[in-house]
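K.L.:
This is the structure, below, for whatever I ask next.
The values are calculated or read from the model by the stated rules, or taken from the named source; none is laboratory data. Computed from a predicted structure; not experimentally measured. Here Cβ is always computed from backbone atoms with ideal geometry, including for glycine, and neighbour counts include all displayed protein chains.
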Amino acid sequence: MRHFVTGVAVLTCGVGDDAEGVTVSTFSTVPGDPPMACVALRSGSRGLRAMVNSRVFVANGLAAEQEPLARHFARRTRPSGLGQLPPEAWLGDPADEVPRLSGAVAWLECRPELTVPLSDHELVVARVVSAVHVGGTPLVNFADELHTGPSTPTFRPAERD
């Protein structure tokens, strides 16, 4: 299965000192009404505990140049909280809202609805409550290596009044 190309995302949840993140290449979307998403996380892992105990989490679709972030959030010994990264790595006000990573190609805010045990993992099924796409070149995983994916035009959402 490692020869199946997947996108690389960092799931983030919590606020302030309780902020957590975990790198995944098992995130997938399910189109429909309502739009849904799912992700497989290792049973008993810190990432799984954080996601299922959060009201919402954000799937940050990483850009190709964010490989260091992917590696950081993949480490089991990484620290918790917003202080694990410099302030400019976070988008918006992560002290008051679910943290988003600056520079991602897309963000999906998701609300966990169901957890299903599968093998030595658990599948978290979530409702997508908001989505933002800014374009760029994604980071992808193939054969346990990180690669640059195909580029898309950069999109800037219209500003609201």
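K.L.:
Considering Ser28, Ser102, Ser54, Ser43, which residue is in contact (Cβ under 8 Å) with a residue 60 or more places away in the chain and among the hydroxyl-bearing types (Ser, Thr, Tyr)?
P.N.:
From the options Ser28, Ser102, Ser54, Ser43, the qualifying one is Ser43.
K.L.:
Also: Is it fair to say Arg78 is more than 23 Å from Cys38 (Cα to Cα), crowded, with 16+ Cβ neighbours inside 10 Å, among the charged types (D, E, K, R) and at pLDDT below 90?
P.N.:
Judged against the criteria, Arg78 is a match.
K.L.:
Going through segment 69-116 one residue at a time, which ones are of a type in the set (Gly, Ala, Ser) and in contact with a strand residue (DSSP E or B) (Cβ under 9 Å, 6 or more places away or on another chain)?
P.N.:
Ala70, Ala74, Ser80, Gly81, Ala89, Gly92, Ser102, Gly103, Ala104, Ala106 - these are the residues of segment 69-116 that are of a type in the set (Gly, Ala, Ser) and in contact with a strand residue (DSSP E or B) (Cβ under 9 Å, 6 or more places away or on another chain).
K.L.:
In addition: Can you tell me which of Ala106, Ala89 is under 13 Å from Leu11 (Cα atoms) and small (Gly, Ala, Ser)?
P.N.:
The unique qualifying residue is Ala106.
K.L.:
Among (1) within 22 Å of Gly135 (Cα to Cα); (2) small (Gly, Ala, Ser); (3) out of contact with any Pro (no Cβ under 8 Å at 6 or more places or on another chain), where does Ser80 come up short?
P.N.:
The failed condition is (1).
K.L.:
Where residues in segment 104-152 are closer than 27 Å to Pro34 by Cα, in a loop (DSSP other than H, G, I, E, B) and not β-branched (Val, Ile, Thr), which of them is modelled with the highest pLDDT?
P.N.:
Only one residue tops the list, namely Ala104.
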